[in-house]
4 protein chains.
Amino acid sequence: MIVIMKPGVTTSQMSNVIARIEQMGCQTHISEGEERTIIGIIGNGRPLDREQIQRMAGVDRTVPILRPFKLASRDFHPQDTVVKVNGVAIGGRQLAVMAGPCAVESTDQLLETARAVKEAGAHMLRGGAFKPRTSPYSFQGMGEEGLKILAAARQETGLPVVTEVMEPQMVPLVSAYADVLQIGARNMQNYSLLHAVGEAQRPVLLKRGMMCTIEELLMAAEYILSHGNDRVALCERGIRTFERYTRNTLDISAVPLLKQLSHLPVIVDPSHGTGRWELVEAVSRAAVAAGADGLLIEVHPRPEEAVSDGAQSLKPARFAALMEGLRPIAEAVGRTL
Amino acid sequence: MIVIMKPGVTTSQMSNVIARIEQMGCQTHISEGEERTIIGIIGNGRPLDREQIQRMAGVDRTVPILRPFKLASRDFHPQDTVVKVNGVAIGGRQLAVMAGPCAVESTDQLLETARAVKEAGAHMLRGGAFKPRTSPYSFQGMGEEGLKILAAARQETGLPVVTEVMEPQMVPLVSAYADVLQIGARNMQNYSLLHAVGEAQRPVLLKRGMMCTIEELLMAAEYILSHGNDRVALCERGIRTFERYTRNTLDISAVPLLKQLSHLPVIVDPSHGTGRWELVEAVSRAAVAAGADGLLIEVHPRPEEAVSDGAQSLKPARFAALMEGLRPIAEAVGRTL
Amino acid sequence: MIVIMKPGVTTSQMSNVIARIEQMGCQTHISEGEERTIIGIIGNGRPLDREQIQRMAGVDRTVPILRPFKLASRDFHPQDTVVKVNGVAIGGRQLAVMAGPCAVESTDQLLETARAVKEAGAHMLRGGAFKPRTSPYSFQGMGEEGLKILAAARQETGLPVVTEVMEPQMVPLVSAYADVLQIGARNMQNYSLLHAVGEAQRPVLLKRGMMCTIEELLMAAEYILSHGNDRVALCERGIRTFERYTRNTLDISAVPLLKQLSHLPVIVDPSHGTGRWELVEAVSRAAVAAGADGLLIEVHPRPEEAVSDGAQSLKPARFAALMEGLRPIAEAVGRTL
Amino acid sequence: MIVIMKPGVTTSQMSNVIARIEQMGCQTHISEGEERTIIGIIGNGRPLDREQIQRMAGVDRTVPILRPFKLASRDFHPQDTVVKVNGVAIGGRQLAVMAGPCAVESTDQLLETARAVKEAGAHMLRGGAFKPRTSPYSFQGMGEEGLKILAAARQETGLPVVTEVMEPQMVPLVSAYADVLQIGARNMQNYSLLHAVGEAQRPVLLKRGMMCTIEELLMAAEYILSHGNDRVALCERGIRTFERYTRNTLDISAVPLLKQLSHLPVIVDPSHGTGRWELVEAVSRAAVAAGADGLLIEVHPRPEEAVSDGAQSLKPARFAALMEGLRPIAEAVGRTL
């Protein structure tokens, strides 16, 4: 960390800051410029609390030198992490496409969708049994009944199941049925939940919060990793901006940036990222071209009857066409579908 | 709800949409313009699922007519709600100022702060025992030990205690010590938690998420109200924008807007709203002038030693000066301090 | 337009609103719901001023039915517009790649770059002679001298020249040297400038403002089109968000969305869109995969000596590798490079 | 400036960076930490180009130490600047309230408004003769005719006139009629225009762009100051965020922050800042309480007939009531109205 002092800092202010830093077990290195004095902190390997220094008299600003995430960083773990899920790999040469309805609505609806996405080449089945909904009056998901239907669909199709878990005490229940625990965007900074899935024996799909930075996403991953679970896949699903024609603004640069900063695989969700089914195919192609390790796509046999997110769901035939169109893009970037 | 059809909509598309609306128990009212046909939906009193209609063939867009919140709306409850907390009223003529440290660090630190803020005229004591922290390596709060210290400070000073609860199963424990349950910004859309505090017998201070709209804040309040708890105070604490000199951008218009849309009291948090202690006094004055029912302010006896958010904490003497400066503003808008 | 009345609207308020609408030459269509009365306006073909109606007593909100842009919309002009520039087509089957330095710095620097990008397969040469800089103390461009150097580079390489024009009275001067007039992001809503290039006899490359919606971009294009210039290409170059690891957030969904809403060609600028050269290649691939008609890429022979935007400029060898990598992606989406 | 090197930087990379810095006429100061090497740059008093260093091999990041603005900074000019305008002072003990219609529509409309706002206590008259409008089909202002009407209203009421200038070559014309040249939000980074008003002999009201940071606002002021015009007032008028109930989000913290960073007076525009007349009074009070030096408020005798921004305009009686309500707030913060 670097400490930039205010113009006109006094000797006693300097001494206090230096004393505090040394008290934290670190050494200092003073650099006097013409206009400002700067104190470099030579660390003891442990993260320092910037705020404490920042608030001392005579200090103008502090500047961190190191990124705050460690276990999630590529510096710490240079090789790509490949998350293995019941025979499917997320982060390998083959892309991992997870498809299915936003919410599990019935056995028929889910099985019909599962068969269709498997036929089209999807590698995993997604579907929500517990649904975070903006309104308390909207459908909140089928709960455990939905989990059972997901398990039945896996049984029939062989597709591993990705589904959301919304609270810490539900982790054991959801883990009993699901192959991958999804952390939704609204829960990306629900630290109790991150702690709980960090202790679970299941891979985690961690969605970026709609107003969270790349650094915060990696810090959320760090929570999970630091509690012992190293099977984490990151998911870019759009951030909230001023633009109103789309539901969110998908941050395509996040894909190469996350791959540079971290060893964890990166999935893109073009359905939530755009909120409009007409844009899902083009954005799916872009994601693969940018280096994503997989996609999370909403598919519903009759979107106009969907209880949730119908506007962004593809019909099975469109999904099959999307998969076909992805194949040459995947090849162009050295991947398979 | 209004349904705007695409140009060139066919008769069979029109029939399908009308049939679906009637199937939902509603009536339709067709209006044919020169360029577009519009279908008005005359409801049955229950909210409709816009997305289902929106996804039907021939439909361009749907437009909601009514606001999605009810129990939280002023239309439903025209009088101001006054939330009573152990002898303190939030939302009455007297402002409610809640002050204290970001985190409870020790008995000494908390008692020293509690005495100072009481002396300066604060009405309630704030302090976190469970802390949501961006980094898993930062101090996560003292837990139940912190709750006990808060209760001891209440015992001595008589100030009711506001403290954060972070997960549903902790609600009983925190309720055993706290007078007001605080829902933090990161948990504003943690629906399991909203459900749990909705069933608790404690007032709730609901902080706006940094990525959440006014409408979403009111929908979060609606969750709590709809589960039976009508003692909810809303808190504007800044939203995330592109501006980098402040930690968040405090949305001052939210104060009069929330007072118009809702009957619930509105508190402003200038400490998180700015992230810089030098701005807290000016923004506190602005909040009271804009009609806020109270303030939530971070005070720490030695901010440069605070384990969390020192940069935005006031020293007791500054807090006392702030309270003095607020008095004439409060009077100017017909309130007392 | 639809007018949604407040609950409890009076008969005389209704009459006033209807009278005003009829005074504007339009007809009304009343729809009385259980909770709200709605007035549909059947137009006379001319756009109505929403604000006037919105402000009348008894009116809650107004909702526009039609998009505000016409000449720029695909409804008005269903076929793709192909902008022809000195033998290069923007918007045809072949992609149009425009490459070159941020700023023209010298004859040597520009010629060296122009030869290199031509060799690598670029179709046009970009370079700024007039530079909008955040600081009055930064290099502001070489001015007319820079334009002459650009013209000399075109003479040698045959590459048409794209360069920025910053004020209305400079349009004739810049047009005397440039093949395409670029409107920079900060000038997207400089209406005097849009008017001036609308009357020029040169194609225009219109960059999206960093704070502007898709609708506002199309309205800016509408300004140019409505003044008689129909050779306009749109350029997505990233919008401003809270994310700090990248300079802007490139809105990849804007590509398919603009292609749906408008007939104008769409160019992507991955250099400004990311602000980091390491991300330019991945984002270029994404843009082509998403359906962009071309790219605008910063290339500098020695980025560490660039007077502007060195951090986002590619070296010639990286640019050549990028072009190679784009070829299979272009083919995968039915385009050529 | 500080240069943070990458882990594993080589000796030759270090030498190159140091050589480049010395070539720029500066000295270096090396600090070797356990994980990173840092180079402090001891300047020659001139600003350095960060980007050039940032792009060199071995460099991770550069961190500026000094703020990029000088003439606008309070460090440079510790006393408050008071801008004098025809007998009215902006930035003194007395607040400066500028009121009037968004656009000049006719002699009658303007004179009626001017008399009313003068009667209510306004100090200056605002009104647009040249209007930047999102749509080319909207009313673009009365032009010079509007300027003449403004001058006539000044003649009758004695109120100095504030009006917008949109392009460099119009500066002489507008200066011939107006007392204060307003730079609109969309033109805050129109550098040619900033240059032109910097050379004019008229005070300037500089509005913050809706997606511009505080630092960029101060850099825009720096443009004007550096061209010789030191009569500049800054105006916070709301920034663009994701919130949809208001037109913009007024950044109230900008008021005390600008007063700390700069000596220039700060005006608040609650009309554009909210976009809704119902919120204007509360936000005006907040602005004064936060320390603003004045207000810019839209007033129209018949807002429902306004050709522009009727939804945010106050009727004269509401404006008079607002002024009454402001008086005690102004007194509470030691100001007069």
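The values are calculated or read from the model by the stated rules, or taken from the named source; none is laboratory data. Small disclaimer: the values here were computed from a predicted structure and weren't measured. Positions of Cβ are backbone-derived with ideal geometry, glycine not excepted, and every protein chain shown enters the neighbour counts.
Remarks
- Of the residues making up region C:177-219, just one is free of Cβ contacts under 8 Å to residues at least 40 places away in the same chain, closer than 22 Å to C:Ala89 by Cα, in a helix (DSSP H, G or I) and among the aliphatic types (A, V, I, L, M), namely C:Val197.
- Whichever residue in region A:229-241 is surrounded by 24 or more Cβ atoms within 10 Å (Cβ to Cβ) and facing chain C (nearest Cβ under 10 Å) and, among such residues, is nearest to B:Phe242 (Cα to Cα): A:Thr241
- Verdict on D:Ser253 being closer than 21 Å to B:Thr249 by Cα, touching a helix residue (DSSP H, G or I) at 6+ places or on another chain (Cβ under 6 Å) and touching a residue at least 40 places away in the same chain (Cβ under 8 Å): no
- For the criterion of being surrounded by 18 or more Cβ atoms within 10 Å (Cβ to Cβ), more than 18 Å from D:Ala306 (Cα to Cα) and charged (D, E, K, R), C:Arg36 passes.
- Pairs linking a residue in region D:138-166 that is closer than 19 Å to D:Ile267 by Cβ and in the same structural domain as D:Leu234 (by TED's automatic domain parsing) to a residue that is surrounded by fewer than 24 Cβ atoms within 10 Å (Cβ to Cβ) and basic (Lys, Arg), with Cβ atoms under 6 Å and 6 or more positions apart or on different chains, are D:Leu159/D:Lys118; D:Val161/D:Arg154.
- Once region C:287-316 is narrowed to residues that are in a helix (DSSP H, G or I) and within 18 Å of the chain's Cα centre (by Cα), the residue that is farthest from C:Val97 (Cα to Cα) is C:Ala290.
- Candidates D:Val268, D:Val204, filtered to the one that is within 16 Å of D:Asp293 (Cβ to Cβ) and either within 14 Å of chain C (Cβ to nearest Cβ) or in contact with an Asp or Glu (Cβ under 6 Å, 6 or more places away or on another chain) (or both): D:Val268
Residues are listed down the side, and each one gets a yes or a no for (1) under 29 Å from D:Leu71 (Cα atoms); (2) touching a Ser or Thr at 6+ places or on another chain (Cβ under 7 Å); (3) at pLDDT below 95:
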position	(1), (2), (3)
C:Gly91	no, yes, no
C:Ala96	no, no, no
C:Asp108	no, no, no
C:Val117	no, no, no
C:Gly127	no, yes, no
C:Leu150	no, yes, no
C:Met166	yes, yes, no
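- Flag if B:Gln79 is farther than 20 Å from B:Ser313 by Cβ and within 14 Å of another protein chain (Cβ to nearest Cβ): no
- For B:Arg244: the one exception among (1) in a strand (DSSP E or B); (2) closer than 20 Å to B:Asp309 by Cα: (1)
- One residue alone among D:Ile65, D:Ile30, D:Ile18 is over 28 Å from the mean Cα position of the chain (by Cα) and either within 10 Å of another protein chain (Cβ to nearest Cβ) or assigned to a strand (DSSP E or B) (or both), and that residue is D:Ile30.
- Filtering C:Ala122, C:Ala114, C:Ala151 for residues that are of a type in the set (A, V, I, L, M), within 17 Å of C:Leu296 (Cα to Cα) and either within 14 Å of chain D (Cβ to nearest Cβ) or assigned to a helix (DSSP H, G or I) (or both) leaves a single hit, C:Ala114.
- Test: residue in region A:248-257 that is closer than 22 Å to A:Val180 by Cβ, part of a helix (DSSP H, G or I) and modelled with pLDDT of 95 or more: yes
- Pair list, Cβ under 6 Å, 6 or more apart: region A:1-28 residue in the same structural domain as A:Asp49 (by TED's automatic domain parsing), other residue at pLDDT 85 or above and part of a helix (DSSP H, G or I): A:Thr28/A:Ile18; A:Thr28/A:Ile21
- Contacts under 7 angstrom Cβ, first residue in region D:224-236 being over 24 Å from D:Gly273 (Cβ atoms), partner of a type outside the set (A, V, I, L, M, F, W, C) and modelled with pLDDT under 95, 6 or more apart: D:Ser226/C:Pro136
- Residue under evaluation D:Lys84, criteria (1) part of a strand (DSSP E or B); (2) crowded, with 24+ Cβ neighbours inside 10 Å, criterion not met: (2)
- Taking region B:135-148 as the range and being within 20 Å of B:Met170 (Cα to Cα) and either part of a loop (DSSP other than H, G, I, E, B) or among the hydroxyl-bearing types (Ser, Thr, Tyr) (or both) as the test, the residues that pass are B:Pro136, B:Phe139, B:Gln140, B:Gly141, B:Met142, B:Gly143.
- B:Ser31 passes every criterion in (1) within 19 Å of C:Ser31 (Cβ to Cβ); (2) at pLDDT 85 or above apart from (2).
- Complete set of residues in region A:294-319 that are modelled with pLDDT under 95, within 12 Å of A:Trp277 (Cβ to Cβ) and aliphatic (A, V, I, L, M): A:Ala306, A:Ala311
- Matching option when the condition is out of contact with any Gly (no Cβ under 7 Å at 6 or more places or on another chain), more than 30 Å from B:Arg154 (Cβ to Cβ), of a type in the set (Asp, Glu) and modelled with pLDDT of 85 or more, among B:Asp49, B:Asp75: B:Asp75
- A single entry from C:Pro160, C:Pro132 fulfils the requirement of being under 25 Å from the mean Cα position of the chain (by Cα) and within 14 Å of chain D (Cβ to nearest Cβ): C:Pro132.
- Test: residue in region D:211-228 that is surrounded by fewer than 24 Cβ atoms within 10 Å (Cβ to Cβ), more than 26 Å from B:Leu258 (Cα to Cα) and β-branched (Val, Ile, Thr): yes
- Qualifying residue in region B:121-131 (condition: in the same structural domain as B:Gly294 (by TED's automatic domain parsing), on the phi < 0 side of the Ramachandran plot and surrounded by fewer than 22 Cβ atoms within 10 Å (Cβ to Cβ)): no
- Any chance C:Leu322 is assigned to a strand (DSSP E or B) and either modelled with pLDDT of 95 or more or out of contact with any strand residue (DSSP E or B) (no Cβ under 8 Å at 6 or more places or on another chain) (or both): no
- Filtered residues of region A:125-134 (kept if assigned to a loop (DSSP other than H, G, I, E, B) and out of contact with any Leu (no Cβ under 7 Å at 6 or more places or on another chain)): A:Phe130, A:Lys131, A:Pro132, A:Arg133, A:Thr134
- Test: residue in region D:88-102 that is closer than 25 Å to D:Lys148 by Cβ and either of a type in the set (Asp, Glu) or in a helix (DSSP H, G or I) (or both): no
- Selection over region C:166-179 of residues that are at the interface with chain D (Cβ under 10 Å from one of its Cβ atoms) and crowded, with 22+ Cβ neighbours inside 10 Å gives a count of 3.
- In region D:325-337, residue nearest to the other protein chains (Cβ to nearest Cβ) [restricted to those that are of a type outside the set (D, E, K, R) and part of a loop (DSSP other than H, G, I, E, B)]: D:Val333
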